[in-house]
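Please read the structure below before turning to the comments.
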Amino acid sequence: MNPCVSKHLGKANTVGDNCYCYLLIVIEIFNLKGIRNKQNRRDWFMKNLVYTNEDFTEEIKQAQFYVTHPNKLLEKVKEEIKQKKIDTPIHNPYPNPYTHKLTYYKGFLKNSNRLSNYLKAISAQNNTERDFYPFILDIEPNRTCNFHCVMCLHGQNKVSKADNMTYEDFVTFMQENDYIMEVKLHGLGEPLLVEGYEKMMQYLVDNHIWSRMVTNGSLLHINDIYKSLVDMSVGEIQCSFDGTNPEMLEKIRKGSKWDNVFNNFKKLNKYSNKQNKLITRMWTVIQKENRNNLMDFVEVAAMMEFRRLSVGFVQTDWGNETLKNKIKTITPELIRDDEKYEMIDRGKIYDIEVTFWNQLNSYSKNKLCPWVFQRPYISAEWKIVPCCIIGDPEVINFGNAYNLKKIWISKAYKEFRQMHISGNIPEYCRSCYEH
């Protein structure tokens, strides 16, 4: 792995997703233009604003090779992961690089327009003009939830109402925007409450669009949906679990029941591990209530048979002024590096990869928020919101998502990007920037 990229993985956003440093991962895992490990790939992309026909042809050839020789891709990925862990023991969450790459490659072959758009996107500088469409989206299928977690808008009774998305509307949108290569199908609600959610995920899988979801685990047992999600090979299932004992979990995730969630996640992992599918990830939000139980989370993850544990922090007020003080009261002291190393070492005992994610103060005038320039969030009522950290169209939205292509290059969006470029960061964005 490129040492420069490894450095970024240790400090940047992803993906998670939580939303993702996935863009940096995507840039890293596709070795465009034959950039060598000794070169700074990030700088290269910033300097080279266009791609050539040669780039396109090389990527198509590579896609064809790995789709027909997936074992070769697996071998390559294993070596990259091995090197990454040597270069940066402490790093951000990243998608399963084998399934992530393979899905992208299959998507390139299914629709070459995806590749053209993708090459433009990853070569673009942070300016107001966009000559590509966003290839990664967060899409919120619903805003309803059966929990009222203390760190969420639901726990503060600040969630605006919206109808659930329908499968038919979802498919119409996806077909209209066929350049999309990756979707996190989740927002401010529990997605398994949505009728047709399973079909939406199946649509993404069938069309070689890498898929990610988040669940509180309470409904996985109904109609054995956990089996369906594993069988269809979704890209990633992020499993929210913030307590090391029943009292702690049920206090943080109000409405939850330890036995229900614990058993459902364990069944999910047993089933996916039996098929050797690395698709689950335990996601823990650290806050004052559980800050002193860091090492215990590794043990709990092992009990539920997780192979990956990602540790995040209470970090957002969703751009809502009234929530700032509340969020501050539950935001903990950040995890020290020595604690991270200890968690990583403990994870190795159980063969669990431990990663860390923190959105607070992630950006600065020299490191602008990538969402502004690369990808939006689509809310349940089909509004275009700047990002999942805001996630609320009542704070800001750019209009109807069915007009995404026009809005993405609209005057309003350009002015929004210019505010970030000039350092005039909107108030609702400032919690993610250095103060």
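The values are calculated or read from the model by the stated rules, or taken from the named source; none is laboratory data. Just so you know, these numbers come straight off a predicted model, no measurement behind them. Note: ideal-geometry Cβ built from the backbone for every residue, glycine included; neighbour counts use all protein chains shown. Areas reflect the complete protein model, heavy atoms only, side chains present, ligands, DNA and RNA absent. Shrake-Rupley method; radii C 1.70, N 1.55, O 1.52, S 1.80 Å.
General observations
- For Ile390, the conditions (1) surrounded by 21 or more Cβ atoms within 10 Å (Cβ to Cβ); (2) more than 16 Å from Cys432 (Cα to Cα); (3) out of contact with any Leu (no Cβ under 9 Å at 6 or more places or on another chain) all hold with the exception of (2).
- For Ile180, the conditions (1) touching a strand residue (DSSP E or B) at 6+ places or on another chain (Cβ under 8 Å); (2) in a loop (DSSP other than H, G, I, E, B); (3) closer than 20 Å to Cys239 by Cα are fulfilled apart from (3).
- Close Cβ contacts (under 8 Å, 6 or more residues apart or on different chains) running from residues in the range 81-95 that are among the polar types (S, T, N, Q) to residues that are assigned to a loop (DSSP other than H, G, I, E, B) comprise Gln83/Met1; Asn92/Ala12; Asn92/Asn13; Asn92/Thr14; Asn92/Val15; Asn92/Cys21; Asn92/Trp357.
- Selection status of Asn164, within 21 Å of Pro97 (Cα to Cα) and open to solvent by 20 Å² or more (accessible area, probe 1.4 Å): no
- Per this entry, Lys85 is counted among residues that are of a type in the set (Lys, Arg), under 28 Å from Phe356 (Cα atoms), open to solvent by 50 Å² or more (accessible area, probe 1.4 Å) and at pLDDT below 95.
- Against the conditions (1) within 30 Å of Gln156 (Cβ to Cβ); (2) in contact with a Leu (Cβ under 9 Å, 6 or more places away or on another chain); (3) open to solvent by 20 Å² or more (accessible area, probe 1.4 Å), Glu176 satisfies every one except (1).
- Cross-chain or 6+ apart pairs with Cβ under 7 Å, the range 218-230 first and more than 21 Å from Val205 (Cα to Cα), then outside any helix (DSSP H, G or I) and among the polar types (S, T, N, Q): Ser218/Asn146; Ser218/Ser256
- Which numbered condition Leu188 misses (of (1) within 13 Å of Pro141 (Cα to Cα); (2) open to solvent by 30 Å² or more (accessible area, probe 1.4 Å); (3) at pLDDT below 95): (2)
- Test: residue in the range 288-309 that is assigned to a loop (DSSP other than H, G, I, E, B), at positive phi and either buried (at least 24 other Cβ atoms within 10 Å of the Cβ) or of a type outside the set (A, V, I, L, M, F, W, C) (or both): yes
- Some residue of the range 373-386 being part of a helix (DSSP H, G or I) and open to solvent by 10 Å² or more (accessible area, probe 1.4 Å): yes
- Scan of the range 59-79 for residues that are over 18 Å from Leu278 (Cβ atoms) and of a type in the set (Asp, Glu), ordered by number: Glu59
- Output for the range 216-275, where each listed residue is assigned to a loop (DSSP other than H, G, I, E, B), of a type outside the set (D, E, K, R) and either open to solvent by less than 20 Å² (accessible area, probe 1.4 Å) or at pLDDT below 95 (or both): Asn216, Gly217, Ser218, Leu220, Met232, Val234, Gly235, Phe241, Gly243, Ser256
- Residues being at pLDDT below 95, surrounded by 11 or more Cβ atoms within 10 Å (Cβ to Cβ), more than 26 Å from the chain's Cα centre (by Cα) and not hydrophobic (A, V, I, L, M, F, W, C) - total across the range 52-82: 3
- Single match in Ile330, Ile396, Ile378, Ile349 (criterion: over 30 Å from Val298 (Cβ atoms) and more than 17 Å from the chain's Cα centre (by Cα)): Ile396
- The residue that is most open to solvent (accessible area, probe 1.4 Å), among those in the range 399-412 that are within 15 Å of Tyr133 (Cα to Cα) and part of a loop (DSSP other than H, G, I, E, B), is Ile409.
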